Amino acid sequence: MTAETTTVSAEETMPTRLGAAPRGGKLAGRVAFVTGGTRGIGAAISSSLARQGATVAAGYAGNTERAEEFLADLEEHWGGDGREFSIHQGNVGNPEDCRRTIEEVIAKHGRLDILVNNAGITRDRVVSKMTDEDWQSVIDVNLSGAFYLSQAALKHMLERGTGRIVNVSSVIGEMGNIGQANYAASKAGLFGLTKTLAREAAFQLARDGKLTEDTIGVTVNAVTPGYVLTEMVQAVPEKVLDKIKGNIPVHRLARPEEIGRVVHFLCADESGFITGQVWGVNGGQDM
């Protein structure tokens with residue numbers, strides 16, 4: 001897909017102010033790109049953003065049939081008000097794909113207000129048996145991909161003076177886990193990336209005179225889900241699940257929509273005073 005050039009008016013490049021969003025939901029008028037947004041936690045985030053009025057572009061890796069089914073579901077439930085949703089295929093571990101998909105979303109929808117870096121993979125082995133490819137592939141997708149996507153999105157957001165980036169990390173990044181050195185390192189790396197991007201975004205907006213008392217600004221935050229009831233987890237033997245639940249203070253798994261709720265809260269205009277923060281959604285597991 002070739003990205004078309006989109007002209008942004010002078011009005012659109014000015015900082016959007018609090019209360020300026022159209023009626024119809026907390027995120028009405030906003031465009032959101034969710035990587036890995038057609039299944040599991042990503043699908044719940046996409047649906048949550050759509051429910052709040054956002055136009056959602058969902059990224060996916062390879063299962064086009066499933067992505068198209070999810071797109072049809074989005075349109076059936078939330079497309080009655082004229083919003084046009086979209087799906088975008090790409091490998092988050094590839095820098096060029098990251099840049100291309102950001103360009104596609106902007107070309108398709110005319111703007112990008114929200115980026116949710118949700119796509120992630122696992123390649124579990126204990127350190128003594130972990131291969132170079134096991135390590136690098138997880139770092140490439142889970143950490144480097146979030147950097148390249150954010151880098152491309154931030155350029156657009158800073159020019160417009162408004163935007164939201166949410167990085168989906170994991171409680172494993174805080175606690176570590178046997179057999180997941182690569183995954184834990186990638187998810188922990190998102191904490192440093194989040195805080196640095198948040199500082200740089202605020203610095204650049206202030207330098208350019210785009211921060212005032214009532215501007216929405218550009219914020220960057222992270223969410224750290226614990227164990228979530230997705231298709232992958234549902235396949236785990238019941239005895240193993242019982243043991244996992246026993247280590248969670250609230251004695252249950254998270255529902256995907258509970259992660260989506262926190263993400264859409266952080267993306268709202270009124271959350272502009274929250275930036276560089278890590279939000280745990282893990283039933284108290286890391287206490």
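The values are calculated or read from the model by the stated rules, or taken from the named source; none is laboratory data. Because the structure is a prediction, the values reported are computed rather than measured. Using ideal geometry, Cβ is built from the backbone for each residue, glycine included, and neighbour counts are taken over all protein chains shown.
Values as computed for the structure displayed
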{"item": "Any hit, segment 231-252, residues being under 14 Å from the mean Cα position of the chain (by Cα) and not aromatic (Phe, Trp, Tyr)", "result": "no"}
{"item": "Selected residue (criterion: nearest to residue 26 (Cα to Cα)) from residues of segment 231-262 that are part of a helix (DSSP H, G or I) and hydrophobic (A, V, I, L, M, F, W, C)", "result": "262"}
{"item": "Positions within segment 47-56 being in a strand (DSSP E or B) and either more than 16 Å from residue 164 (Cβ to Cβ) or touching an Asp or Glu at 6+ places or on another chain (Cβ under 8 Å) (or both), in sequence order", "result": "55"}
{"item": "Count - residues of segment 140-168 that are touching a helix residue (DSSP H, G or I) at 6+ places or on another chain (Cβ under 7 Å), surrounded by 17 or more Cβ atoms within 10 Å (Cβ to Cβ) and either without any contact (Cβ under 8 Å) to a residue 60 or more places away in the chain or assigned to a helix (DSSP H, G or I) (or both)", "result": "17"}
{"item": "Selection within segment 57-72 - in a strand (DSSP E or B) and out of contact with any His (no Cβ under 8 Å at 6 or more places or on another chain)", "result": "none"}
{"item": "Residue ID - nearest to residue 186 (Cα to Cα), chosen from residues in segment 123-136 that are surrounded by fewer than 17 Cβ atoms within 10 Å (Cβ to Cβ) and not charged (D, E, K, R)", "result": "136"}
{"item": "The one condition in (1) under 25 Å from residue 199 (Cα atoms); (2) of a type in the set (Val, Ile, Thr); (3) without any contact (Cβ under 8 Å) to a residue 40 or more places away in the chain that residue 64 fails to fulfil", "result": "(1)"}
{"item": "Subset of segment 205-227 [touching a helix residue (DSSP H, G or I) at 6+ places or on another chain (Cβ under 7 Å) and in a strand (DSSP E or B)]", "result": "217, 218, 219, 220, 221, 222, 223, 224, 225"}
{"item": "Any hit, segment 12-29, residues being assigned to a loop (DSSP other than H, G, I, E, B), of a type outside the set (Gly, Ala, Ser) and modelled with pLDDT of 95 or more", "result": "yes"}
{"item": "Unmet requirement for residue 86, which otherwise passes all of (1) in contact (Cβ under 8 Å) with a residue 40 or more places away in the chain; (2) over 24 Å from residue 229 (Cα atoms)", "result": "(1)"}
